[in-house]
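Encoded as structure tokens, the structure appears first; notes follow it.
The values are calculated or read from the model by the stated rules, or taken from the named source; none is laboratory data. As the structure is a computational prediction, the values presented were derived from the model and not from experiment. Here Cβ is always computed from backbone atoms with ideal geometry, including for glycine, and neighbour counts include all displayed protein chains.
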Amino acid sequence: MVDINKIVRENVLRLTPYSCARDEFQGSTGVFMDANENPYGSLNRYPDPYQKELKAAVARFRGIAVENIFLGNGSDEIIDLCFRIFCSPGIDSALTFTPTYGMYEVSASVNDVKVIRIPLNGNFQIDITQTEQFLSDKNLKLIFICSPNNPTSNSMNHSDVEYLISKFNGIIVIDEAYIDFSEQPSFVKLLGKYPNLIIMQTFSKALGMAAARVGIAFSTPEIIHYFNKVKPPYNMSTINQIAALKKLGKPEVYRTQVLKIKTERDRLAGKLKKIKSIEKVFSSDSNFLLVRVKDANSIYNALIDRNIVVRNRNSVIENCIRITVGKPNENNKLISALKSIAI
Ligand code: PMP
């Protein structure tokens, strides 16, 4: 059985967290003379440090208990907190399956943590044999699995992922930023089964709130406790909490948009497959398409000249571009532009 206290950094185990004024008094009415705020105005008070109302709404939305939820200033804050909680700078390491979301590596560098990169196999799946040799390394503390993966757009094989979780004595972080567009179920069903699992989701994709910076971590109450211990006291603004709450109050908007985006994704994929300069459109479980073209740099630049911005992924997968599914008229513009580019 994995003992989480043995994975957490010594200094985090010992640290006394910042105790903010709002930790000591929970009520919402009263005479507040404890936090050196300005008594006038509407945004004059510090936000709820534990986002209780929003967490209750997320709990209802995803069917997960409040004690299993941590909210961050985007998933990017959660990624950074994982390094700060579990990895000693200059000593510990993290493992990623490449190509994948770039922030795991950036956060690792910021925290002076070494990264072990295992290339995904030809089907963009985890190479279990190559990975297994690293699982017993006592300095390997974190494994990041992005499913569906950015930029390859596919989901990871569930039995491979569960095998790794069961064999690893460190923490497995599964990044489900794109889960709402996937045909695969979420890994949250494994939360009760394994003590070393963190599942990240976000308001930035299907919920359409990238500007609000709201990331979610689902985990055990023990791991959530460490997130709360290390986070800045007021890590999510009141404005963002209110905006996210409002969004969850209209689940039908989210459902309709996800359906629309998935329909457009499949229509766009069909159209792209017929364009001469496009060699392959990879099957997608997310809200973007990975496309292999004849010459990614030229196509990327030609699209920029036409005021269309896609992501050139040539540096990580040869001659590939990543296209986020837009509104129907935006997708049509992209299709016409690609047809007009002679490569
Ligand atoms: N995870 C993945 C896989 C992503 O692609 C992104 C953003 N592109 C994020 C996390 C960042 O999410 P957030 O906006 O919640 O920080």
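Within the stretch 53-83, if we keep just the residues that are among the basic types (Lys, Arg) and more than 17 Å from the chain's Cα centre (by Cα), the residue that is surrounded by the fewest Cβ atoms within 10 Å (Cβ to Cβ) turns out to be 60.
Per-residue answers, yes or no, for (1) small (Gly, Ala, Ser); (2) within 13 Å of the ligand (Cβ to nearest atom); (3) in a loop (DSSP other than H, G, I, E, B):
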site: 26; (1), (2), (3): no, no, yes
site: 43; (1), (2), (3): no, no, yes
site: 46; (1), (2), (3): no, no, yes
site: 56; (1), (2), (3): yes, no, no
site: 80; (1), (2), (3): no, yes, no
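Here residue 313 meets the list (1) touching a residue at least 24 places away in the same chain (Cβ under 8 Å); (2) loosely packed, with under 14 Cβ neighbours inside 10 Å almost entirely, failing just condition (2). In the condition set (1) closer than 20 Å to residue 228 by Cα; (2) touching a residue at least 60 places away in the same chain (Cβ under 8 Å), residue 45 is compliant with all but (1).
Quick one: is residue 112 modelled with pLDDT of 95 or more, surrounded by 16 or more Cβ atoms within 10 Å (Cβ to Cβ) and of a type in the set (Asp, Glu)? So residue 112 fails the test.
Residue 30 falls short on exactly one of the conditions (1) out of contact with any Ser or Thr (no Cβ under 7 Å at 6 or more places or on another chain); (2) surrounded by fewer than 20 Cβ atoms within 10 Å (Cβ to Cβ); (3) touching a residue at least 24 places away in the same chain (Cβ under 8 Å), and that condition is (3). The set of residues in the stretch 154-173 that are more than 12 Å from the ligand (Cβ to nearest atom), outside any helix (DSSP H, G or I) and closer than 25 Å to residue 92 by Cα comprises 168, 169, 170, 171, 172. Taking each residue of the stretch 165-178 that is hydroxyl-bearing (Ser, Thr, Tyr) and looking for partners that are modelled with pLDDT of 95 or more with beta-carbon atoms closer than 6 Å, six or more apart or interchain, yields 178/148; 178/205; 178/286.
For the stretch 174-204, the set of residues classified as closer than 21 Å to residue 243 by Cβ and part of a strand (DSSP E or B) consists of 200, 201, 202, listed by residue number.
When residue 67 is tested against (1) assigned to a helix (DSSP H, G or I); (2) within 15 Å of the ligand (Cβ to nearest atom); (3) not polar (S, T, N, Q), just one condition goes unmet, and that condition is (2). Residues in the stretch 99-138 that are within 19 Å of residue 159 (Cα to Cα) and either touching a Pro at 6+ places or on another chain (Cβ under 6 Å) or assigned to a loop (DSSP other than H, G, I, E, B) (or both): 11 in all.
Residue count for the stretch 279-322, restricted to those that are of a type in the set (Val, Ile, Thr) and over 16 Å from residue 99 (Cα atoms): 7. Scanning the stretch 96-114 for residues that are of a type in the set (A, V, I, L, M, F, W, C) and within 16 Å of the ligand (Cβ to nearest atom) returns 97, 103, 106, 108, 110.
The set of residues from the stretch 16-58 being modelled with pLDDT of 95 or more and over 23 Å from residue 244 (Cβ atoms) comprises 38, 39, 40.
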